[in-house]
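Below is one structure; the comments refer to it alone.
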């Protein structure tokens, strides 16, 4: 079976196991992608969404097995009418657990049937993960939007990602020519309650990757975004009993995005 056919087979297996989207990216391309290139230039960050240093004593940042040549990237739709998929319950989200299960079953099938060794990539980059949005773009799932999220043709930004390393040189399935933001009225930047995507951050003014910066042109402030996440976290803890509170993080920029929504006839 040729590399292109193997990749197609793997994608079909992932979809049959429950993925909404799936694609293949080359590991060498991922290593050279914008996020992996500029991350260490951005300085320290201690806001929401990072892991505790005590949880990761052995930093595995950008440390992947040399045998991994390709990466399967999968996406799971998180539609607005199923917000519970994205609620954090102290152990993670139900959507992420579904993604983990899809990766697990697909990994087993790949190893047992195709005899290709796989490597489960952690969600956090400090634990050996990859920047999933960059990988998804390289796998042809969509593009980075002006909301600093992966925007896909079929689901817009309302999707979550996981990845699986593959010890095989496979043909990539992307990137693709897709840009729903070109003529958009940037509803996402107007609706943000913290104005986190309203102006270009100074930290990005000297970076070379202008077309691939957060929010495309550096119009993304992760500290302001973190403020909203911290508010959501605090609100979830107020007035609760001994049960682990559900954290319902803000998704306004996702919900307002017209990409992936049925067109309303005029």
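Every read-out reported here was derived from the displayed coordinates using simple, explicitly stated rules and does not represent laboratory data. Note that the coordinates shown come from a computational prediction; the quantities given were computed from them, not determined experimentally. Because the Cβ atoms are built from the backbone with ideal geometry, glycine has one as well, and the counts that use them run over all protein chains shown.
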Worksheet item: With labels modelled as points extended 7 Å from the Cα through the Cβ direction, what inter-label distance (nm, one decimal) is found for residue 66 paired with residue 182?
Response: 4.3 nm
Worksheet item: Could you put 15, 27 in order, starting from the residue whose Cβ has the fewest other Cβ atoms within 10 Å?
Response: 15, 27
Worksheet item: Taking a point 7 angstrom from the Cα of residue 167 along the C-beta vector, which residues in the range 58-92 have backbone N less than 20 Å away?
Response: 63-73
Item to complete: Just grab the label-to-label distance for residue 261 and residue 114, each label 7 Å out from Cα along the Cβ direction, in nm (one decimal).
Response: 3.6 nm
Discussion item. Could you work out how much longer the chain between residue 16 and residue 127 gets when fully extended? Use 0.36 nm per residue separation minus the Cα distance between them, nm to one decimal.
Written reply: 37.1 nm
Practice prompt. For residue 104 and residue 199, compute 0.36 nm times the residue count separating them, minus their Cα-Cα distance, and round to one decimal in nm.
Written response: 30.2 nm
Worksheet item: Fully extended, how many nm does the chain gain between residue 246 and residue 190 (0.36 nm per residue separation, minus their Cα-Cα distance)?
Response: 17.5 nm
Practice prompt. Give me the distance in nm between label points sitting 7 Å out from Cα along the Cα-to-Cβ direction at residue 41 and residue 94, one decimal.
Written response: 4.2 nm
